[in-house]
Amino acid sequence: MKYIKLNNTSLELSNICLGAGSFGTGLDESRTFEILDAFFEAGGNFIDTANVYGKWAEDKINHSEKIIGKWLKSRNAYNKIIIATKGAHYNLDTPNIPRLNKQDIQKDLDESLRTLGLDRVDFYWLHRDDEQKPIEEIIDTMEGFIAEGKIRYYGASNYRLNRMKQAVEYSKKNNYQGFSAVSNQWSLAEMNPESRANSDPTLAYMTEEFEQWHKETKMPSIPYSATASGFFEKLLNANPQVKDGVLITPYDKLELPEHIKKAYINEKNLKTYEKLLELKEKYNVSLYTLSVACLINQPFDVIPISSVRNIEQLNGFLQASGCVLC
């Protein structure tokens, strides 16, 4: 396992982050513990969860944090794992009402601390932005939680570039810590805008302009959906004929779920697929591993987040940590 010291923080993190969105709901406790144990034993020390993860179940409980808290206690791993969790997500039954205010953030944060069994969260994400709210107010609120000792560092999830520029400027002006990283959706597979797999308008994506800003500022990126649901590996398993970014196999004969085809079949992704096939021959690793490794090998700190369903997928994710692309 490789580690990086996250830019402008004291955090020494594994360069891959285990996503916990399915813990306690899509994955039961036994399988979740198996994955957590294997990730930890391999040297992984960075786990990403959120207060809202699991609240889509009928009982509306934060299942992901609950099961992670149970695992931390049973393994006495409190000082060995960096837990990043998120708050200020809208309530699932009222998606049009933002919750990016001090009262709601504090409610989520306090519940997360209790559930995880922590005195302080090492890294806290604001899960959504509210572009009607001044960025100054948001930064002031988060700096207050640092002063109270409830969080060490905080980041912006689903924030657009103009808002990040405003946040950085305000933080520098006031000598604040400010956002320490950005977590937006980013993978090698570029999604077709008209067929986004998730139609939530509050989601934010990496753009070429955003990527250039990361290169210039060295602001770390900790992207979610980093493997695009394993698109390139699934495409390989479908065994299509592709030449120079053109799909030779008839579209309707391509054995992929229709929503995956609508979201990801385009010229750019098909050209990327061809390049990945060349890299596969050179490095003898899966396209899944390569899709993660290509994000890690950037000129700024990138720690991809990926969820896995089993140990086989986890092993492919772990392999990406040490995959250096020349």
Of the candidates His89, Pro134, Leu100, the farthest towards the positive dipole end of region 78-155 (Lys/Arg Cβ +1, Asp/Glu Cβ -1, centred on the Cα centre) is His89
DSSP beta bridges in the chain, what fraction antiparallel, as a percent rounded to 5? 20
Largest fluctuation, Asp244, Asp37, Asp108 only, Gaussian network model of the chain with Cα springs under 10 angstrom, belongs to Asp244
XL table Lys2/Lys80; Lys86/Lys165; Lys165/Lys218; Lys55/Lys133; Cα-Cα > 23 Å flagged, in table order, is Lys55/Lys133
Could you grab the relative contact order for the chain? Cα pairs under 8 Å, six or more apart, rounded to a whole percent. 18
Mean-square fluctuation check for the chain, GNM, Cα pairs under 10 Å: which of Leu92, Leu161, Leu18 is largest? Leu92
Apply the Karplus curve 6.51 cos²θ - 1.76 cosθ + 1.60, θ = phi - 60°, to the phi angles in region 70-86 and return the couplings in whole Hz, x for Gly and Pro. 5, 5, 4, 5, 5, 9, 6, 9, 4, 9, 10, 10, 9, 9, 9, 10, 10
Zone of Thr249 (label point 7 Å along Cα→Cβ, backbone N under 15 Å): which residues in region 223-239? 231-239
Whose amide H sits under 5 Å from the amide H of Val121, counting only residues 5 or more places off or on another chain, with H placed in the peptide plane? Ile151, Arg152
For the chain, what size does the Cα cloud have along each of its three principal axes, sorted from largest down, in whole Å? 58, 43, 41
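None of the figures in this text is laboratory data; all of them are computed from the coordinates on show. Because the structure is a prediction, the values reported are computed rather than measured. When we count neighbours, we look across all protein chains shown, and the Cβ atoms used for this are built from the backbone with ideal geometry, even at glycine.
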